[in-house]
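Scroll down for the structure; my scribbles are underneath it.
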Amino acid sequence: MFASGLEIAAAVAGTFFMFMASLGVLRLPDFYARIHAPTKAATLGLACLLAALALHFGELASVTKAALALFFVGVTAPVGAHILARAAYRSGMRAPGARVDEYGPSVQRQRDNPECAEDVKEDG
């Protein structure tokens, strides 16, 4: 069975975006930029690869599984990246070259008044 041109294009595009995501993790300068690469490029690459898979098999079960996988990755990847960035910020890791810190006063206010937010805890 030969693959159609659309399947091949989707698989090549997905592989390209996955490669760019892995290259971004290796080459980007700081932690905050590095977590951006897998959440954006890898999710787009996975979408292309799952589209190629769904086009290739064409069965309802395969298409449904691909759509569910894409949905769950699309929902969890940004949330996971946000949690990683938030934990890094709260542990003292600052973005190099950042001139404005809009999140700092809010975190400091929550640390000073622990009754306001139960999710802000000092490790120590």
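Which residues, counting only those in the range 24-39, are surrounded by fewer than 16 Cβ atoms within 10 Å (Cβ to Cβ) and either at pLDDT 95 or above or small (Gly, Ala, Ser) (or both)? The one that is surrounded by fewer than 16 Cβ atoms within 10 Å (Cβ to Cβ) and either at pLDDT 95 or above or small (Gly, Ala, Ser) (or both): ALA33. Count, please, the residues in the range 32-75 that happen to be in contact with an Asp or Glu (Cβ under 7 Å, 6 or more places away or on another chain) and of a type in the set (A, V, I, L, M, F, W, C). Final tally of qualifying residues: 2. Taking the conditions (1) without any contact (Cβ under 8 Å) to a residue 12 or more places away in the chain; (2) open to solvent by 90 Å² or more (accessible area, probe 1.4 Å) in turn, ASN113 satisfies each one other than (2).
Of the set (1) without any contact (Cβ under 8 Å) to a residue 24 or more places away in the chain; (2) open to solvent by 40 Å² or more (accessible area, probe 1.4 Å); (3) assigned to a helix (DSSP H, G or I), all apply to GLY92 but (3).
When ALA42, ALA21 are checked against the criterion of being under 20 Å from ILE83 (Cβ atoms), assigned to a helix (DSSP H, G or I), within 13 Å of the chain's Cα centre (by Cα) and at pLDDT below 90, ALA42 stands alone in meeting it.
Within the range 1-18, work out how many residues are surrounded by 14 or more Cβ atoms within 10 Å (Cβ to Cβ) and either assigned to a loop (DSSP other than H, G, I, E, B) or within 14 Å of the chain's Cα centre (by Cα) (or both). Qualifying residue count, the range 1-18: 2. Determine whether the range 61-83 contains at least one residue that is open to solvent by 60 Å² or more (accessible area, probe 1.4 Å) and outside any helix (DSSP H, G or I). No, the range 61-83 has no match at all.
The values are calculated or read from the model by the stated rules, or taken from the named source; none is laboratory data. Please read all numbers here as calculations on a predicted model, not as lab measurements. When we count neighbours, we look across all protein chains shown, and the Cβ atoms used for this are built from the backbone with ideal geometry, even at glycine. Please note that ligands, DNA and RNA were not included when accessible areas were found on the heavy atoms of the full protein model with its side chains. Shrake-Rupley method; radii C 1.70, N 1.55, O 1.52, S 1.80 Å.
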